[in-house]
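The values are calculated or read from the model by the stated rules, or taken from the named source; none is laboratory data. It should be emphasised that the depicted structure is a prediction, and the values quoted were computed from it without experimental measurement. Here the Cβ is made from the backbone with ideal geometry for all residues, glycine too, and neighbour counts use every protein chain on show.
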Amino acid sequence: MHRWSIAACYTLEVAKVIVGVGGGIAAYKAALLVRELGRRGHTVKVVMTRAAQRFVGPVTFTGLTGEAPVVDLWDPSYAGEVHVELAAWADGLVVAPATANLMARAAHGIADDALTATLLCFDGPRVFAPAMHHRMWDHPATARNVATLAADGVRLAGPVSGPLASGESGMGRMAEPETIAEALEAALSDGRPADDLAGRHVLVSAGGTREALDPVRFLGNRSTGRMGYALAERAAARGARVTLVSAPTALAIPPGVDRVDVTSALEMKAAIDAARDGADAIVMAAAVADYRPSERADDKLKKTGGPLTVTMVRNPDILAELGAWRADSPRSGAGPVLVGFAVETRDLVAAARGKLERKRVDLVVANEADAAFGRATNRVTLVDATGEEALPELDKARVADRILDRVVALLRR
Ligand SMILES: Cc1cc2nc3c(=O)[nH]c(=O)nc-3n(C[C@H](O)[C@H](O)[C@H](O)COP(=O)(O)O)c2cc1C
């Protein structure tokens, strides 16, 4: 393997990759995956099952890789055993689409075609991208096979929920090619992060603040803190000293991260202000309430016959204050990199750009409320002074890495 010594979320390898294509409707997307892997600098060989060839013609992959896919265990163009040679050649192997049948065969060590025989010979990083009807995915036999594969060290990319070939909607749709390529690269690097944040102090906020109405009730929001925790975890893995100012969440403290627990927006502001000096980057992923009840009742509010009216007052805008603090500091312009988040239900990018300019920050991560809250994945657009980059739907750890790649680049300015 050849190393890329570029700023990236992993010490990336340009690798030799086998793409195993199974016989499902999503086989056409394997062509896009092969192209995506090629675009990322990897060398690809394709192995197809017999059923896969009913969905896509092998010549499609010949055109994309410059080499005919292996479709036959008895391929005469290989002097020795084709599966042994393929396994010896590859650095990584991805199966997309991974049919229910392929996963069953792989889980049980069956080796009755070129792909499953190669899988048995190969002990490097393996990623399966399942794709099937939701009832196939939900079947206990598939669940058992998935568990067996996972215990054998196979990583899964997807499936995701969405429209299926049958016209129904449900869990079983293949993950997007970019997501699968990301999962393979993560597997290839074995989670080994670049230490490009070593010596840096990164301050991250996470979770949704709670604004108390009385001793037992609060006004809150749908943030679960997963995005902020992913940022803290990845920044620490990349060598940073990390302070995580966290509103209440159900999440465990990521390894090596110093967590400061807060509840309300005012407490969050105090904690951020106390930690901001000396920070190299501040990433405000928390969902901070814009308003709080003007009064917190000392005792639990009692039901009355009529409506309850609550007067709300503005909370400080922590991100805008950080922007102003940095601009006004004697080291003007030299303060920490500032990253904000924008969650909107409409006009997302325009709102993010407005926030970027008004609050004088370096980068705004724009996400739609439904794509963001409480999910393991997120689909974001990175908005900075130079333009916008729309990322595909990615695991939150991968989104965190893409944001941190930007932070690293900004720190090198
Ligand atoms: C039109 C059609 C679509 C299919 N789509 C899928 C699919 O998306 N996922 C799946 O697991 N099986 C699907 N199957 C069933 C597989 O093709 C079948 O189980 C086959 O034996 C898989 O072979 P393989 O795992 O060797 O590729 C489909 C079958 C047909 C006829």
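Sort through Leu115, Leu156 and tell me the only one that's at pLDDT below 95 and out of contact with any His (no Cβ under 7 Å at 6 or more places or on another chain).
Numbers: Leu115 fails: at pLDDT below 95.
Going through Leu115, Leu156 in turn, the sole match is Leu156.
Would you call Trp89 in contact with a Lys or Arg (Cβ under 8 Å, 6 or more places away or on another chain) and among the aromatic types (Phe, Trp, Tyr)?
Working: in contact with a Lys or Arg (Cβ under 8 Å, 6 or more places away or on another chain): yes; among the aromatic types (Phe, Trp, Tyr): yes.
When the stated conditions are applied, Trp89 passes them.
Restricting to the range 135-147, what's the tally of residues that are part of a loop (DSSP other than H, G, I, E, B) and either at pLDDT below 95 or crowded, with 21+ Cβ neighbours inside 10 Å (or both)?
In the first step, residues of the range 135-147 are kept if they are part of a loop (DSSP other than H, G, I, E, B); the result is 139.
Next, from what is left, pick out any that are either at pLDDT below 95 or crowded, with 21+ Cβ neighbours inside 10 Å (or both): none.
Adding up the residues that qualify gives 0.
Assess whether Leu32 counts as being part of a loop (DSSP other than H, G, I, E, B), surrounded by 16 or more Cβ atoms within 10 Å (Cβ to Cβ), in contact (Cβ under 8 Å) with a residue 40 or more places away in the chain and not aromatic (Phe, Trp, Tyr).
Details: part of a loop (DSSP other than H, G, I, E, B): no; surrounded by 16 or more Cβ atoms within 10 Å (Cβ to Cβ): yes; in contact (Cβ under 8 Å) with a residue 40 or more places away in the chain: yes; not aromatic (Phe, Trp, Tyr): yes.
It is false that Leu32 is part of a loop (DSSP other than H, G, I, E, B), surrounded by 16 or more Cβ atoms within 10 Å (Cβ to Cβ), in contact (Cβ under 8 Å) with a residue 40 or more places away in the chain and not aromatic (Phe, Trp, Tyr).
Quickly run through the range 148-182 and pick out the residues that are surrounded by fewer than 20 Cβ atoms within 10 Å (Cβ to Cβ), under 19 Å from Lys29 (Cβ atoms) and not charged (D, E, K, R). First the steps, then the outcome.
From the range 148-182, those surrounded by fewer than 20 Cβ atoms within 10 Å (Cβ to Cβ) are 148, 150-153, 155-156, 160-163, 165-171, 178; that's our starting set.
This time we only want the ones that are under 19 Å from Lys29 (Cβ atoms), so: 155-156, 160-163, 165-171, 178.
Passing the criteria: Leu156, Val160, Ser161, Gly162, Pro163, Ala165, Ser166, Gly167, Ser169, Gly170, Met171.
Does the range 19-28 hold any residues that are in contact with a helix residue (DSSP H, G or I) (Cβ under 6 Å, 6 or more places away or on another chain) and within 11 Å of the ligand (Cβ to nearest atom), and which are they?
Filtering the range 19-28 for residues in contact with a helix residue (DSSP H, G or I) (Cβ under 6 Å, 6 or more places away or on another chain) gives 19-23, 27.
Across the range 19-28, the qualifying residues are Gly20, Val21, Gly22, Gly23, Ala27.
Among what's in the range 35-62 and is part of a loop (DSSP other than H, G, I, E, B) and more than 11 Å from the ligand (Cβ to nearest atom), pick the residue that is surrounded by the most Cβ atoms within 10 Å (Cβ to Cβ).
His42
Conditions (1) modelled with pLDDT under 80; (2) in contact with a helix residue (DSSP H, G or I) (Cβ under 8 Å, 6 or more places away or on another chain); (3) farther than 29 Å from Pro254 by Cα, marked per residue:
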position: Gly167; (1), (2), (3): no, no, yes
position: Gly172; (1), (2), (3): no, yes, yes
position: Leu188; (1), (2), (3): no, no, no
position: Arg200; (1), (2), (3): no, yes, no
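Would you say Glu185 is part of a helix (DSSP H, G or I) and buried (at least 20 other Cβ atoms within 10 Å of the Cβ)? Quick ask: steps written out before the conclusion?
Numbers: part of a helix (DSSP H, G or I): yes; buried (at least 20 other Cβ atoms within 10 Å of the Cβ): yes.
Answer is yes for this residue.
Tell me, please, whether a residue that is farther than 26 Å from Gly256 by Cβ and assigned to a helix (DSSP H, G or I) can be found in the range 169-176. Give the derivation first.
Kept after step one, since they are farther than 26 Å from Gly256 by Cβ, are these residues of the range 169-176: 169-176.
Adding the requirement that they be assigned to a helix (DSSP H, G or I) leaves none.
Within the range 169-176, not a single residue is farther than 26 Å from Gly256 by Cβ and assigned to a helix (DSSP H, G or I).
Let's see how each residue does on (1) under 16 Å from Thr49 (Cα atoms); (2) within 16 Å of the ligand (Cβ to nearest atom); (3) touching a strand residue (DSSP E or B) at 6+ places or on another chain (Cβ under 8 Å):
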{"residue": "Ala88", "(1), (2), (3)": "no, no, no"}
{"residue": "His108", "(1), (2), (3)": "no, yes, no"}
{"residue": "Asp113", "(1), (2), (3)": "yes, yes, no"}
{"residue": "Thr118", "(1), (2), (3)": "yes, yes, yes"}
{"residue": "Asp152", "(1), (2), (3)": "no, no, no"}
{"residue": "Leu164", "(1), (2), (3)": "no, yes, yes"}
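Given the criteria under 21 Å from Thr99 (Cα atoms), away from the ligand (no atom under 16 Å from the Cβ) and touching a residue at least 12 places away in the same chain (Cβ under 8 Å), does Lys16 qualify? Write out each step before concluding.
Numbers: under 21 Å from Thr99 (Cα atoms): no; away from the ligand (no atom under 16 Å from the Cβ): yes; touching a residue at least 12 places away in the same chain (Cβ under 8 Å): yes.
When the stated conditions are applied, Lys16 does not pass them.
Here are some conditions: (1) within 27 Å of Asp75 (Cβ to Cβ); (2) part of a loop (DSSP other than H, G, I, E, B); (3) near the ligand (Cβ under 10 Å from one of its atoms). Met132 meets all but one. Which one does it not meet?
Evaluating Met132 over (1) within 27 Å of Asp75 (Cβ to Cβ); (2) part of a loop (DSSP other than H, G, I, E, B); (3) near the ligand (Cβ under 10 Å from one of its atoms) leaves (1) as the failure.
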